[in-house]
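Asks: First the structure, which I've put down as structure tokens, then a few questions once you've had a look.
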Amino acid sequence: MSWVVLLLVVLPFVSAVLSLWVGHRGEVAERGIAVGAAALGFVLAVAVALPHLGDAEPLSHVFAATSAVGPPIELAFHVDQLSALMLLLAHTVAFLVQVYSLGYMAGDPRYPSYAALVSVFTGSMTLVVTADDLWALLIGWELMGACSYFLISHHWELPEARAGAVKAFLMTRTADLGLLFAIIVLGVRFDSYRISTIMGEIATGGFGRDDLWLPALLLTAAVVGKSAQFPLHTWLPDAMPGPTPISALIHAATMVAAGVFLVARAYPLFLSAPVALTTLALVAAVTMFIAAVSALFTGDLKRVLAWSTVSQLAYMFGALAVGAYEAGVLHLLAHGAFKALLFLAAGSVVHAVGTTSMSAMGGLRGKLPDTFITMTIGFGALAGVVPLVGFFTKDAVIGAVWEAAHEGHLVWPWVAWLLLVSAVVTAVLTVAYSLRAWLMVFFTPPVVEPVETPAATPERADLHESPLSMKVPLYLLTIPTVLGGLLVAYPGVAFAEVEHTLVHPTTAVLMTLLVAATAAVVYLLWRRHGGRDPWHPFVLPHPAVDRVYDVGVVRPVRLLARAVRAGDRDVIDGYADGAGATTRGLGWLLRRAQNGNVQAYLMVVVVGACAIAVAAGVAA
């Protein structure tokens, strides 16, 4: 089985090379390579993951190791319950995205590079979730970031695509320094880079409270950037100019979830550092609320879903921060399913209408029946409607936070209460923006005509449903969205140590009533405004925090750069230029003295001798 894991990591990279090599010389073959490799990867992922769920023993194997000075760097893999679940999620979504792209990216001149980058990303994610060496994990971590940069800027002719890619690169790469420094600190402390070895030593005890606070906080900084949490949360909505299937794969189901995975993978380290968990809880409380408010006042469909991703990731971090490991991981899996469904359904809408602006949509219920059904299920799961998977996992998180607030697990107990209030308020806002987006897309009459693109028709009467390659993934993703709640009710299937349901009856009833009341209020507001968007006057093109960053960070750094440039030009260069000019002047004088005229030389000697004699006489 260890060689199957290695094949699972290598296969996507081989597929990427073949896709680029075949290119446009054989489009059918190229598409077959991309989809076929993704299908084989899914089969291998199932073969690796299923035997390691529940109470199965983890799989660990070392293929190679360095013999350099210091702790060895090893090509080692470790597959446990968490890795198995992440493999299933990543390869399922990757396969469906490759199939979906056959229709969505049809006719795209850059399809070979697109398919190759998706394959590289899939292999990178596989390396991250199976690596048992911190340096191997870092390689996959950075490759994911590089693929994200190139895929966001797939339509590089669009200024917003280029700007979004650069913003994502700068924010995530800055945060990744935390992971790099954490690896160095842990390697020095434990004389090993093996993740299982380090976490095993931490779990066995022997470390004082917050004795390992530094590497825990460094990892917190890394996951804050990768998972778009406050204050590095604004890059994810700006990444939406990339192709919609990429938003489903990278920015909803996998890459941004890598931060949650890393916290769960290094959970013994975080449990030994309560200050890191408290920091994570505080970040989650702020992020989920800010992102939900931003989603409510956004007029772009994909940006609404992006902000909701930021908010739901904060739920996962909040669960992990209060010790609810299983609730956080299950919400990660559930979110990966229903958010991939929502993004792919949004892609179906964009494919038909030709724009992501919700004001140009509306009345699409009859034009796009399959998209309407699947997207309705996705929005229901996001809002936490019974009996969809989002209801169960969100209830598990809120219930766990409720218990933590009463028991005072965190360093500062008030942070747990803040997290609880923020989680409940965010749940209300989630219902509001989900219902608003659903009504605007499928019921509200469009304000403006859709933008004509190669993927859209100019007349709304000619709008039609997406091709079969795009509809099949939608319906397949509805299966875990509808039935995934069973995993919360029976978590022992995935986690051997949990034998009871994670559902909290009290919070489940209260949240159901809250969801129903919020939905009723939003619907009445919509009807009162004549079936129009009641939040339209308050829609903001960009989040206010970007303006804060511009005033507080970008402009001061720009002024400082100009000052440094002026100092270099006027001071440093002035000294260098002055020294050069002085040297040239002295050389000119010396050159004038050495003119080759013997009579002038003799005259200088005589005059000099006379001057010396006179000076000597005066001195006497």
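The values are calculated or read from the model by the stated rules, or taken from the named source; none is laboratory data. Bear in mind the structure is a predicted one, so any value in this text is a computation, not a measurement. Using ideal geometry, Cβ is built from the backbone for each residue, glycine included, and neighbour counts are taken over all protein chains shown. What goes into the accessible areas is simple: the full protein's heavy atoms, side chains included, and nothing from ligands, DNA or RNA. Shrake-Rupley method; radii C 1.70, N 1.55, O 1.52, S 1.80 Å.
Asks: Kindly evaluate residue 203 against the criterion of being at pLDDT below 90 and open to solvent by 30 Å² or more (accessible area, probe 1.4 Å). Working first, answer last.
Replies: Details: at pLDDT below 90: yes; open to solvent by 30 Å² or more (accessible area, probe 1.4 Å): yes.
Taking the combined requirement at face value, the residue satisfies it.
Asks: Can you name the residue in the stretch 143-182 that is among the charged types (D, E, K, R) and open to solvent by less than 60 Å² (accessible area, probe 1.4 Å) and, of all such residues, is farthest from residue 218 (Cα to Cα)?
Replies: 167
Asks: Do we find that residue 291 is surrounded by 24 or more Cβ atoms within 10 Å (Cβ to Cβ) and touching a Gly at 6+ places or on another chain (Cβ under 8 Å) in this structure?
Replies: no
Asks: Then there's this: From 59, 87, grab the single residue that is under 23 Å from residue 474 (Cα atoms), crowded, with 20+ Cβ neighbours inside 10 Å and touching a strand residue (DSSP E or B) at 6+ places or on another chain (Cβ under 9 Å).
Replies: Going through 59, 87 in turn, the sole match is 87.
Asks: Which residues, counting only those in the stretch 1-10, are open to solvent by less than 30 Å² (accessible area, probe 1.4 Å) and under 27 Å from the mean Cα position of the chain (by Cα)?
Replies: Listed by number, the residues that qualify are 5, 8, 9.
Asks: Within the stretch 12-46, can you find the residues that are closer than 13 Å to residue 102 by Cβ, open to solvent by 60 Å² or more (accessible area, probe 1.4 Å) and modelled with pLDDT of 90 or more?
Replies: None; the set is empty.
Asks: Any idea which of (1) in contact with a Leu (Cβ under 7 Å, 6 or more places away or on another chain); (2) within 22 Å of residue 434 (Cβ to Cβ) is the one residue 242 doesn't satisfy?
Replies: Residue 242 satisfies all of (1) in contact with a Leu (Cβ under 7 Å, 6 or more places away or on another chain); (2) within 22 Å of residue 434 (Cβ to Cβ) except (2).
Asks: Still on this structure: Just need a number here: residues in the stretch 186-197 that are buried (at least 16 other Cβ atoms within 10 Å of the Cβ), among the aliphatic types (A, V, I, L, M) and more than 26 Å from residue 253 (Cβ to Cβ).
Replies: Result for the stretch 186-197: 1.
Asks: Please list, ordered by first then second residue, the pairs with beta carbon atoms under 8 Å, 6 or more apart or interchain, first in the stretch 113-139 and in contact (Cβ under 8 Å) with a residue 24 or more places away in the chain and under 16 Å from residue 149 (Cβ atoms), second open to solvent by 10 Å² or more (accessible area, probe 1.4 Å) and charged (D, E, K, R).
Replies: 114/108
Asks: Can you give me the ranges of the helices (runs of 4 or more DSSP H) entirely in the stretch 210-265 with at least 2 residues that are within 14 Å of the chain's Cα centre (by Cα), touching a residue at least 40 places away in the same chain (Cβ under 8 Å) and under 20 Å from residue 154 (Cα atoms)?
Replies: 244-248
Asks: Any residue at all in the stretch 133-156 that's outside any helix (DSSP H, G or I) and farther than 30 Å from residue 108 by Cβ?
Replies: yes
Asks: Are any residues in the stretch 266-314 within 18 Å of residue 439 (Cα to Cα) and outside any helix (DSSP H, G or I), and if so, which ones?
Replies: Residues satisfying the conditions are 297, 298, 299, 300.
Asks: Is it the case that the stretch 545-558 has a residue that's farther than 30 Å from residue 304 by Cβ, free of Cβ contacts under 8 Å to residues at least 24 places away in the same chain and either open to solvent by less than 100 Å² (accessible area, probe 1.4 Å) or not in a helix (DSSP H, G or I) (or both)?
Replies: The answer is yes, given that some residue of the stretch 545-558 is farther than 30 Å from residue 304 by Cβ, free of Cβ contacts under 8 Å to residues at least 24 places away in the same chain and either open to solvent by less than 100 Å² (accessible area, probe 1.4 Å) or not in a helix (DSSP H, G or I) (or both).
Asks: Mind checking whether some residue in the stretch 502-518 is in contact (Cβ under 8 Å) with a residue 12 or more places away in the chain, touching a Leu at 6+ places or on another chain (Cβ under 9 Å) and either more than 22 Å from residue 50 (Cβ to Cβ) or assigned to a helix (DSSP H, G or I) (or both)?
Replies: yes
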